[in-house]
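Undergrad: Input: one structure, supplied below.
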Amino acid sequence: MKRIEDVTLLYEISKTLNEHLELKKSLYKVLDILSNSMDMIRGTITILNPLRNEINIEVAHGLSMTAMQSGKYKLGEGITGRVIETGEAIAIPKISEEPLFLNRTASRRSKHAGELSFICVPVTRGNQIIGAISVDKAYDENYSLEEGKKLISVIATMIARHVINLETIHLEKEQLREENRRLRNELKNKYRITDIIGNSNKMREVFQMISQVCKSNATVLIRGESGTGKELAANSIHYNSNRSQKPFVKVNCAALPSNLIESELFGH
């Protein structure tokens, strides 16, 4: 009977993963199936961020959003961190008797401390560990944690492709954020007032005016012959202002018909 139940569980999970749902929805549904099939109280799917060596809860069942955000671990930290660091699955009969158990999400109340078992299994891509799936279930002396560990290991293999895709998305977002920060810093450094070359009295007046207007909300009109550095001054005002993190839109007025300049610059 137990083997039939396990096969049915794996079939349900396989069917869910092949339904072409959005990545996270599929994984949430997998945890829902585990909750119904093996009396899971809480379950999480965590992903390792290799750029920061930080482990975050990506999908969870039985946890609030606040608890999920609190569930951050360093590689090797706690049970989950150790599983992802070593690649070895861990099953704990009673979490109250395990000193490594951190309860970082603060979701396991003391009255349940002696009643919960915990299973955590790595999710891998080839020889690389990318995350883990963990399960809290009510302690049952008749339940074989070793069998449970084997079952969760099979499920971890089944969901690996979805977790890999999520990891890829997160890495791409992280790399884009880093690139964005780098480019912003480059622009800020490029258009610092001190990087505009000039030491004449007139240039000092320009620097003083830029310093005055860049901190205000005043509209600034910059006039000058072609090639005198109007755009350089405009960039310097923007990147030294309180709006430096906002978009800077450049419009070539020479390319606009005279009857459209007013509406383009000042609106209708």
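The values are calculated or read from the model by the stated rules, or taken from the named source; none is laboratory data. These figures come from a predicted structure and were not determined experimentally. Glycine gets a Cβ as well: all are built from the backbone with ideal geometry, and neighbour counts include every protein chain shown.
Undergrad: In this structure, is I169 in a helix (DSSP H, G or I), out of contact with any strand residue (DSSP E or B) (no Cβ under 6 Å at 6 or more places or on another chain) and in the same structural domain as L10 (by TED's automatic domain parsing)?
TA: Yes; evaluated as a whole, the condition is true for this residue.
Undergrad: Being at pLDDT below 90 and either touching a Cys at 6+ places or on another chain (Cβ under 6 Å) or part of a strand (DSSP E or B) (or both) is the filter here, so list the residues in the stretch 118-129 that pass it.
TA: R125, Q128, listed by residue number.
Undergrad: Out of the stretch 53-89, which residues are surrounded by 17 or more Cβ atoms within 10 Å (Cβ to Cβ), part of a helix (DSSP H, G or I) and at negative phi?
TA: Listed by number, the residues that qualify are A67, M68, I79, T80, G81, R82, V83, I84, E85.
Undergrad: Tell me which residues, restricted to the stretch 9-51, are touching a residue at least 24 places away in the same chain (Cβ under 8 Å) and part of a loop (DSSP other than H, G, I, E, B).
TA: Once the filter is applied, which keeps residues that are touching a residue at least 24 places away in the same chain (Cβ under 8 Å) and part of a loop (DSSP other than H, G, I, E, B), the stretch 9-51 yields M38, D39, P50, L51.
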